[in-house]
1. Quick check on my filter: what residues within the range 322-365 are closer than 16 Å to Asn178 by Cβ and part of a loop (DSSP other than H, G, I, E, B)?
2. For Ile411, all conditions in the list (1) part of a helix (DSSP H, G or I); (2) within 16 Å of the ligand (Cβ to nearest atom); (3) open to solvent by less than 40 Å² (accessible area, probe 1.4 Å) hold save one; what is the number of the exception?
3. Answer with yes or no whether Gly56 is touching a strand residue (DSSP E or B) at 6+ places or on another chain (Cβ under 7 Å), under 23 Å from Thr152 (Cβ atoms) and open to solvent by 20 Å² or more (accessible area, probe 1.4 Å).
4. Mind listing whichever residues of the range 286-301 are within 16 Å of the ligand (Cβ to nearest atom) and either under 14 Å from Pro249 (Cβ atoms) or touching a helix residue (DSSP H, G or I) at 6+ places or on another chain (Cβ under 6 Å) (or both)?
5. Return the residues of the range 251-273 that are open to solvent by 10 Å² or more (accessible area, probe 1.4 Å), within 15 Å of Gly435 (Cα to Cα) and of a type in the set (A, V, I, L, M); say none if nothing qualifies.
6. Testing Val212 on (1) away from the ligand (no atom under 14 Å from the Cβ); (2) under 23 Å from the mean Cα position of the chain (by Cα); (3) crowded, with 21+ Cβ neighbours inside 10 Å, one condition comes back false. Which one is that?
7. Would it be correct to say that Ile199 is open to solvent by less than 10 Å² (accessible area, probe 1.4 Å), of a type in the set (A, V, I, L, M) and either under 18 Å from the mean Cα position of the chain (by Cα) or modelled with pLDDT under 95 (or both)?
8. Checking the conditions here, which among Ala238, Ala201, Ala220, Ala177 is more than 15 Å from the ligand (Cβ to nearest atom) and in contact with a Lys or Arg (Cβ under 6 Å, 6 or more places away or on another chain)?
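The values are calculated or read from the model by the stated rules, or taken from the named source; none is laboratory data. None of the values given here were measured: they were computed from a predicted structure. Positions of Cβ are backbone-derived with ideal geometry, glycine not excepted, and every protein chain shown enters the neighbour counts. Accessible surface is based on the protein model in full, side chains and every heavy atom, while ligands, DNA and RNA are left aside. Shrake-Rupley method; radii C 1.70, N 1.55, O 1.52, S 1.80 Å.
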Amino acid sequence: MYESNHLCALLARHAVLTPDHVFAHRPGLSDVTYAELFAGAERTASALVAKGLAPGDRVAVQVEKSIAAIQLYIGTVLAGGVFLPLNTGYTANEVGYFLGDATPRIVVCDPAREGEIAGLSEAHCLTLAADGSGSLSEALPEVAGFEPVPRTADDLAAILYTSGTTGRSKGAMLSHANLASNSETLREYWRFTRDDILIHALPIFHTHGLFVATNVALFAGASTVFLPRFDPETIIEAMPSATAIMGVPTFYTRLLQDPRLTPELATNMRLFISGSAPMLVDTHEKWLTRTGHRVLERYGMTETNMSTSNPYDGERRMGTVGLPLPGVELRVTENGAEVATGEIGVIEVRGPNVFQGYWQMPEKTAEELGDDGWFITGDLATRDAEGYVTIVGRAKDLIISGGFNVYPKEIESVIDDLPGVVESAVIGVPHPDFGEAVVAVVVPEGAPDEDAITTELSRGLAKFKQPKRVIFVDALPRNTMGKVQKKELRETYGELFNG
Ligand code: AMP
């Protein structure tokens, strides 16, 4: 019955084949079977359509991680809608921008934030709390059963915003085929089956937790240990009965701090996957020593889904992101021409995984996504003779703190607007826990006041974007063209969090 809806046909495969198999083990809560998951998704689809959702309409969602939130994702796609998840840390101000840009038909938020969010747009506002309560659950019909809205491979299934370096966020449009093809590839490449139990501790408003972790588990008919957030204690408890985990490097550095992490604890585990930010070779080595397992590192981004992965059976090379996935073409270029083996260039990617462009930004799309299908990622890398890709930096100074992207320009604009500030430069510096920490280098107008600046920033910015340190200087270093030398700043302050 799901066959008319491209992505849902694959998502629902195991709800039909093994309805009684457990999709989610939830510590302290009841298990959720595939049949229960999909019954809830169908009821959600019915409710969305009853609230006026038409094919192609966006459903913007800023809610805590829960099974009901997964059902909202599947329900939106079943109903022919376009799922638009938002980071739970975004302030009302930030959410307002996304609602204005994406003009969703429906917005779903936490009941505690209804007052702030409901008035931001014309969208019909529903609420969903972490425990599943709220006006969305009240709108669900008693009976499951929903005829999926027919969608083709090229229709949109999701829009995920990835803030741009210019400060303006871009909505990456992902089609049914983009998501379905990548999840199928990963399921096969990483050998996920119904016998797997995946520890799912990632947020579900980001490509990693939503499309890599959730879709791959669903496509395989696997079970998950479905956790609301990353908590080392719960992960240590879950590991003896689980088979796999997907995480950001921070997960691994935190777990390494726990003396209970031993080869015995990881006996049942077959796969540790890391991505979303670079994992230090040192972390790879420590993990191997402590657990006997080599972390499998992969690389991707919101626009491309996953593009490369270290091999499952072959050599996993620490410090590299592996080889292009089956069906994905990758080249490293400089000024459009491929560089020689070992030379640094920008990664370009082509394949069924590559997105459809940026929502309502044809010019920006044309700059980065060519008519020939090659997408310029902006990541700088080298490729060795065997094809292994090593990422050496980001062309655009993006900061990744705890797995979340922070765009310096956005923070700088907010700081520069504060009273007592002449100008600022925001950089990422190595941090043992977060990978990178946000640091603001500020030129003050008179006597510097760090407290005033941090207080102001905590009002307007999500926590993960707030600088961990504010440093005052007389002037920013500039080159002859007047460009601020961020590389120099990163060198000067590179040791701030070292010990
Ligand atoms: P996002 O769109 O939030 O998934 O962020 C994508 C960016 O994260 C990429 O463009 C890379 O810069 C970075 N990234 C993802 N995986 C890795 C990795 N394994 N190593 C280094 N950088 C990574």
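1. Hits for the range 322-365 are Leu325, Pro326, Gly327, Val328, Gly351, Pro352, Asn353, Val354, Phe355, Gln356, Gly357, Trp359.
2. Of (1) part of a helix (DSSP H, G or I); (2) within 16 Å of the ligand (Cβ to nearest atom); (3) open to solvent by less than 40 Å² (accessible area, probe 1.4 Å), only one is false for Ile411: (2).
3. Numbers: touching a strand residue (DSSP E or B) at 6+ places or on another chain (Cβ under 7 Å): yes; under 23 Å from Thr152 (Cβ atoms): yes; open to solvent by 20 Å² or more (accessible area, probe 1.4 Å): yes.
When the stated conditions are applied, Gly56 passes them.
4. Scanning the range 286-301 gives Trp287, Arg294, Val295, Leu296, Glu297, Arg298, Tyr299.
5. Across the range 251-273, the qualifying residue is only Leu256.
6. Tallying (1) away from the ligand (no atom under 14 Å from the Cβ); (2) under 23 Å from the mean Cα position of the chain (by Cα); (3) crowded, with 21+ Cβ neighbours inside 10 Å, Val212 fails exactly one: (1).
7. So Ile199 fits the description; yes.
8. Values: Ala238 fails: in contact with a Lys or Arg (Cβ under 6 Å, 6 or more places away or on another chain); Ala201 fails: in contact with a Lys or Arg (Cβ under 6 Å, 6 or more places away or on another chain); Ala177 fails: in contact with a Lys or Arg (Cβ under 6 Å, 6 or more places away or on another chain).
The unique qualifying residue is Ala220.
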